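In what follows, a single structure is set out as structure tokens and then discussed.
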Amino acid sequence: MGDVLSQDEIDSLLSAFSSGELDLEEMDSEPERAIKNYDFSRPSKFSKDHLRTLEIIFENYGRILSTNLPAYLRKNVQVEVMNAEANTYSEFSNALSNPVLLGVVNFAPLEGDIILELASNIGFTIVDRMLGGGGAPLEKTREFTEIELTILEQILEVCTNMLIGPWESVVSIQPRLKRIETNSQFAQFISPTEMTAIVTMNLKIGDVEGLMNICIPYSCVESVIDKLNTKYWYSTMQEKDDGLYKESVEAIINHVRIPVRAVFGRSTISVNDFINIQLGDIIKLDTKVDDELNVYVGNIKKFKALPGATSDSYAVRVTSVIREEQ
């Protein structure tokens, strides 16, 4: 409710309108200030740029998973990042079902832990594949046994180690799987009001699909939050990748085997002469003894050379290099 004007204030206001000191139309035309609601119980700590950068990081993580997990599961694995959003931890934990498959990962040297949530049908599919089955999920969901959790722990440790590469452009981490939790009631690892970034990924193992959620508390990445922007991430990635890419290409090229052939000369004969050719027959070439030979690398004429021999083998000695501009 607004303030109530006194009689003196009302008289002064009417007098100002009468004398023309105040213009009612001018007051009505003043633009109103845009007011944005702010919920202090849900402070917006993750910007859109932060979330977009996390999507890019986990898109890279998804490619690594889809490349490496088939080696363990012997099944085609497809991973796709669906979205990244900011929510309080209470909203994330309230959405968990029972049984749940939560991997608590220490994100050293950053403070705190992140959480990997894997859909239960994906968990049972992984267990079935690791035990030699076809990878079919259970028709009726049940609790995981100790043996199944031991198997899943091995796979989650592999998934945890694969986080190192995608995060290198932001911070060098040494993640470690601390434990697996299967009861959502005991999933209160941080304050319920803590803001978190939830990255949702869709996993497809063979014909079975399920979600994988990565919950990242703000307190965990607060010290590197300035690096979670696309401009910094791309610039750092490019500087690092330029050198690595060059070194990788050079290393690969150094081991490539390519055919090299020296052409002594050319000649044209009839098919009849070719069929009746005998030992000791002489074929006349279009080059002289002291002419330089053309040496081809693949199908590209690259060198000029003179014929010779080394030990018991024929050889050529390179006399000049043919540049592209020639």
* **Dipole of the stretch 260-321, positive direction: furthest Cα of Ser267, Ile277, Val321, with charges on the beta-carbon** => Val321
* **Two-site FRET efficiency, Arg142 against Ala108, from Cβ-Cβ distance with R₀ of 30 Å, rounded to 0.05** => 0.30
* Structure fact -> Semi-axes a, b, c in Å (a largest) for the stretch 260-321, each sqrt of 5 times a Cα gyration tensor eigenvalue, come to 25, 15, 11
* Structure fact -> The simple spin-label model distance between Ser18 and Arg63, using points 7 Å out along Cα→Cβ, in nm, is 7.9 nm
* With r defined as the distance between the Cβ atoms of Phe264 and Gln78 and R0 fixed at 45 Å, what FRET efficiency is calculated, to the nearest 0.05? -> 0.25
* Asked: Points 7 angstrom from Cα along the Cβ direction at Asn202 and Val297: gap in nanometres?
  -> 4.7 nm
* Structure fact -> Among Phe124, Ser169, Tyr218, the residue whose Cα sits farthest towards the positive end of the charge dipole of the stretch 48-240 (+1 at Cβ of Lys and Arg, -1 at Cβ of Asp and Glu, taken about the Cα centre) is Ser169
* Rank-order 103-116, 142-155 by packing density, defined as the average count of other C-beta atoms within 10 Å over each peptide's residues, highest first. => 103-116, 142-155
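Of the lysine pairs in the stretch 48-240, how many meet both conditions: Cα atoms under 22 Å apart, and a spacing of 8 or more in sequence or different chains?
Lysine pairs, 8 or more places apart or on different chains, close enough: 6.
When you count, for each residue, the other Cβ atoms within 10 Å and take the mean per peptide, how do 306-313, 50-57, 259-266, 62-69 rank with the highest first?
For the peptides 306-313, 50-57, 259-266, 62-69, the packing ranking is 50-57, 62-69, 259-266, 306-313.
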* Structure fact -> A correct Stokes-Einstein calculation for the stretch 48-240, using the alpha-carbon Kirkwood radius, 4 °C and 1.567 mPa s, returns a whole-number D in µm² s⁻¹ of 76 µm²/s
* At 0.36 nm per residue, minus the direct Cα-Cα distance, what do Asp11 and Glu157 gain on full extension? Give it in nm, one decimal, please. => 44.7 nm
* Asked: Dipole magnitude of the stretch 260-321 about its Cα centre, charges +1 at Lys/Arg Cβ and -1 at Asp/Glu Cβ only, in debye to the nearest 20?
  -> 320 debye
* **Computed E for Asn272/Ile322 - FRET, C-beta separation, R0 45 angstrom, nearest 0.05** => 0.75
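None of the figures in this text is laboratory data; all of them are computed from the coordinates on show. Given the structure is predicted, the values throughout are model-derived calculations rather than measurements. Positions of Cβ are backbone-derived with ideal geometry, glycine not excepted, and every protein chain shown enters the neighbour counts.
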